[in-house]
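Read the figures in this text as sums done on the coordinates, not as results from a lab. These numbers come from a predicted model, not from an experiment. Backbone-built Cβ (ideal geometry, glycine too); neighbour counts: all protein chains shown.
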Amino acid sequence: MATVPGKDLLAQFTAIVGKANTLTPEDDLTHYTHENRDIVIGSTPLVLKPASTEEVAAIMTLANETRTAIVPQGGHTGHAAGGVPDESGCQIVLSMERMNRIREIDTAGKTMTVEAGVILQTIQQAAEAHDLLFPLSLASEGSCQIGGNISTNAGGTGVLSYGNTRELVLGLEAVTPQGEIWNGLTKLKKDNTGYDLKDLIIGAEGTLGVVTAAVVKLFPKPKGKAAAWIGLATPKHALDLLNGALEKAGRSLTAFEFMPRIGVDAVFDHYPQIRNPLAARHDWQVLMEISSARSQRDAETELETLLGAALEDGTIEDAAVSTSEAQRLSFWMIREIMPESQKRLGGSIKHDISVAVHRIPEFIERAAPIVEAAFPGARPFPFGHMGDGNIHYNVSQPAGMASEEFLAGRERVQDAVHALVTGMDGSISAEHGIGRLKRDLLARTKDPAALAMMRAIKQALDPNGIMNPGKVI
Ligand SMILES: Cc1cc2nc3c(=O)[nH]c(=O)nc-3n(C[C@H](O)[C@H](O)[C@H](O)COP(=O)(O)OP(=O)(O)OC[C@H]3O[C@@H](n4cnc5c(N)ncnc54)[C@H](O)[C@@H]3O)c2cc1C
């Protein structure tokens, strides 16, 4: 049974980073203890803000000796309540915000070595200053940290061409739950020397150690980027468009985002400053982007050719191709504001699911009657990264209902949707992780042998259970 750390112990932790780099319950701790949508409101006796790997190591050594629970926290944008302490008041928050140095940009090797607390957007901008690209891209990029991205194996809009965070990391530096520093900051593309510790820590959501730094991959910056806003009749037409584009454009197809009519209605009806790029509203829309290593004109031509053929064979109903960078960004604005616009429709029950890409239309078709049976009148709001088989299958409340009444049915709706997902060999968490919010769901849905291996790994690396307890497993 965890106990609240005493005054003397808190003073020892404080001494490691210096009082000025701590926060206590006398300060406003809301940012550190409240899950960002207030779904979990935790409590902590102390927030520590180390500035170096050595300080993190000293914290973990003391935590291990005294069996004190530590909750690593990055930019606090996670969707699974993985980075917030529980309600016990026993868990110390380890905020990585001061470990925010870019240690090296290697333009010849196309890598960047960054500390865990560097904001994702800072990495993107630093790469761009060297005419390079760091392709990880999320709507939260202005506040999430690379350590959080690594710990959640974040996805986002660039996965189709560049992969998840896992594919973008070459090396890692981490502190173990016992306080040992593991220097795995290699720049190697190939390294088959035993178990892949890097891949074990990526996506572990802070349950196996603290990520303190990473070597990330950079790419040549595309010479041109063109986006299209596309109207279509059905998800099957979107899949056909995706397959055709992949066949002809290959890795030049750098984004394929999918949105429903209810979503664009919510945007265009509630944000009048955002204009529909098309003359009419369509049942489904796609935001598709082509990047070219040659030129802007090349990107536009490739996109126009693809869409011309798709219009001709009836795959799509209409399309607008961006003719300027401002217009390209305005298309992205519609996509990025979509989750926010859904709030205008009242309560939302969320699912972050994936199925095999070719089964997305089947999933959307089968999920609608399942949701209707679980909660009559509820409105499916499926959107997201169709090219990765990842749909944010949100469900909005019936119009006019009190949101509390709808949200009281959360478990019923989620159980029904997740049963369909697992029945289709899909995943109940495609990119947001498990954290605390999906821990019990994972226990119910994951293969028992896989769960046993996960528990064995946790027990071996963190036998005292001090590393982000209560999360994932
Ligand atoms: C508007 C919005 C859009 C989003 N879009 C996407 C999207 O498209 N794709 C996507 O994948 N996610 C998305 N997210 C979710 C979120 O931004 C990502 O999960 C992100 O990677 C979390 O990073 P963070 O720094 O905020 O981590 P936090 O939320 O602080 O922490 C997340 C987890 O990582 C652990 N952690 C954090 N730092 C470390 C560290 N240094 N060492 C060990 N463990 C650590 C925490 O304990 C916690 O378990 C979105 C969120 C918002 C608010």
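General observations
- Selection within the stretch 58-86: residues that are assigned to a loop (DSSP other than H, G, I, E, B) and among the β-branched types (V, I, T). The member of this set that is farthest from the ligand (Cβ to nearest atom) is T68.
- Considering the stretch 1-45, and only residues there that are touching a residue at least 12 places away in the same chain (Cβ under 8 Å) and hydroxyl-bearing (S, T, Y), the residue that is surrounded by the fewest Cβ atoms within 10 Å (Cβ to Cβ) turns out to be T3.
- Checked against (1) surrounded by fewer than 21 Cβ atoms within 10 Å (Cβ to Cβ); (2) in a helix (DSSP H, G or I), G263 passes all but condition (1).
- Residue that is surrounded by the most Cβ atoms within 10 Å (Cβ to Cβ), among those in the stretch 211-227 that are under 18 Å from the mean Cα position of the chain (by Cα) and among the β-branched types (V, I, T): V211
- Subset of the stretch 340-364 (residues that are in contact with a Gly (Cβ under 9 Å, 6 or more places away or on another chain) and not in a strand (DSSP E or B)): S341, Q342, G346, V355, A356, V357, H358, R359, I360, F363
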